[in-house]
Amino acid sequence: MDYLKAFEAIVLQQLARVEKMKSDTDFINYQALDKIIIGVIGGDGIGPAITAHAHRVLAQLLADEVKSGKVQFKTIDGCTIENRAAAGKAIPDDVLAEIKKCNVLLKGPTTTPRKGDKWANVESANVAMRKELDLFANVRPVKVPELNIDWAFFRENTECLYALGSQGVNINDELAFDFRVITSPGTERIAKLAFEYAKANNKKRVTIVTKANVVKATDGKFLDICKQVGEEYPGIEVDDWYIDIMTAKLIDEKRRSQFEVFILPNLYGDILTDEAAELQGGVGTAGSANIGKRYAMFEAIHGSAPRMVEEGRDIYADPSSVIRAGAMLLSHIGYQEKADQLYSALEKCTVTEKKLSITGRPDGSTGAQIADYILAETGK
Ligand code: IPM
Ligand code: MG
């Protein structure tokens, strides 16, 4: 293999992506569409079970809109690890074509194969979907009112080590390279979204997280561009932290509640948001919005838990993460009031009142019971 040629191809591909980003249009206005198509992707493992409950909740909340034809649900099957491994693709072509016919997506977890397990080592469906649909912002809110924690993470979602995660090179048995990509337009768009969010929500502080003291070219660029964007928001204080000390500060009881909005490159965002979600009660409680200018996808941040299915326990899986993702979806497409109804029902059912508890086993409630409980609280 000619490595220099392979590298040249990668560079050209990324330069083309930069040009495309520069010519990108504004965000789609969902309410201006004649019809909003919501795709529902069950995924695999516990995905189909928990996503079906979230689908049911959204369908109830949007019943009038579905009746009038303003909203249509579209179930998309086939994004399973079996099909993906058989097709040798992160997302089979026919599934991707169906996905692209939708405006927004609600997605269950999808199994990510890793080297050495029983599946073909295809790219993660999450990562592929984020890249295919250019879902550049991964927005992950974490709230723990009793600890005075109210954080919003803006994780860049298409670059960093993920951009070419499946295009690394084994030069020989002893030498391997992966490539880390950071671009100016890619950083600018995530930074703008974070600062706009901060401004709209009256946040006083935005924190940029990198390791720019060591990873100088890419993190250096990320930090510079975020700071430049920050200059356009004079009322907001900007600070920057290195990822190592940031992970420590999230568990520093004296400091952590001072943080509000974070901007991070992809991999640091992946790691830090799991830590943050753990403080809220675990990754099973967190929802995540993957936002692009044309499409948006909403999902749980946890995995597909295949063992629960093997042991026949998928009916006991907690659907509240995907239901929370559904609330984020409602807000994103312009149904803020319904989103608020769902958020407060979730808060009541999973935190304050908590009449039912879920253990993932027959001694706890089923996902269906949890969904019914939440629906009853929304008044639907
Ligand atoms: C997440 C997940 C994914 C990621 C995996 C499944 C590829 O951990 O959404 O945080 O690393 O982004
Ligand atoms: Mg993760």
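Shape analysis of region 193-234 places it in the prolate category; the axes a ≥ b ≥ c from the Cα gyration tensor give an a/c of at least 1.5, with a/b above b/c. Given +1 at the Cβ of Lys and Arg, -1 at the Cβ of Asp and Glu and no other charges, the dipole of region 184-242 around its Cα centre is 140 debye to the nearest 20.
Bridges between two residues of the chain, per DSSP, are antiparallel at a rate of about 45%. The apolar share of the surface of region 188-248, taken as the fraction of accessible area on carbon and sulfur atoms (1.4 Å probe, ligands and nucleic acids excluded), comes to 53 percent. If you take all other residues with their beta carbon under 15 Å from the beta carbon of residue 98, and give Lys and Arg +1 and Asp and Glu -1, the sum is +2. Strictly greater than 27 Å: what percent of every Cα pair in region 45-186 meets that? Distances greater than 27 Å cover 38 percent of the Cα pairs. Based on DSSP H segments of at least four residues, each scored -39500 (n - 2.57), the chain has a per-residue ellipticity at 222 nm of -13000 deg cm²/dmol.
Taking Lys and Arg as +1 and Asp and Glu as -1, the other residues whose beta-carbon sits under 9 Å from that of residue 74 total 0. Computed over the alpha carbons of region 181-274, Rg followed by Dmax gives 12.6, 36 Å. With kT/(6 pi eta Rh) evaluated at 4 °C and eta = 1.567 mPa s, and Rh the Kirkwood radius from Cα pairs, region 312-370 diffuses with a coefficient of 107 µm²/s according to Stokes-Einstein.
Placing unit charges on the Cβ atoms only, positive for Lys and Arg and negative for Asp and Glu, gives the chain a dipole magnitude near 540 debye about its Cα centre. Multiplying each eigenvalue of the alpha-carbon gyration tensor of region 286-330 by 5 and taking the square root yields semi-axes of 25, 11, 7 Å, largest first, rounded to whole angstroms.
Rounded, prolate or oblate: which fits region 25-111 when a ≥ b ≥ c are the square roots of the eigenvalues of the alpha-carbon gyration tensor, with rounded for a/c under 1.5 and prolate only if a/b beats b/c? Oblate is the answer for region 25-111, as a/c is 1.5 or above yet b/c matches or exceeds a/b. The spacing between region 19-75 and region 287-306, judged by their C-alpha centroids, is 12 Å. Two tests apply to each whole DSSP H helix in the chain, Cα reach of 15 Å or more along its axis and mean Kyte-Doolittle hydropathy of at least 0.5, and the ones passing both are 320-332. Working from the Cα coordinates of region 119-223, the gyration tensor eigenvalues give, after taking √(5λ), semi-axes of 30, 17, 14 Å in decreasing order.
Taking the inverse of the mean 1/r over every pair of distinct Cα atoms in region 162-204 gives a Kirkwood hydrodynamic radius of 13.1 Å.
Considered as an equivalent ellipsoid built on the Cα gyration tensor, the chain has semi-axes of 31, 26, 22 Å, the largest given first. Per residue, the solvent-accessible area of the chain (1.4 Å probe, heavy atoms of protein chains only, all protein chains present) comes to 46 Å².
Sorting 155, 324 on solvent-accessible area from highest to lowest, probe radius 1.4 Å, gives 324, 155. Placing +1 on each Lys and Arg Cβ and -1 on each Asp and Glu Cβ, with no other charges, gives region 87-186 a dipole about its Cα centre of roughly 240 debye.
The values are calculated or read from the model by the stated rules, or taken from the named source; none is laboratory data. Owing to the predicted nature of the structure, the values given are computational and were not obtained by experimental measurement. Here Cβ is always computed from backbone atoms with ideal geometry, including for glycine, and neighbour counts include all displayed protein chains. The area values use the complete protein model at the heavy-atom level, side chains included, leaving out ligands, DNA and RNA. Shrake-Rupley method; radii C 1.70, N 1.55, O 1.52, S 1.80 Å.
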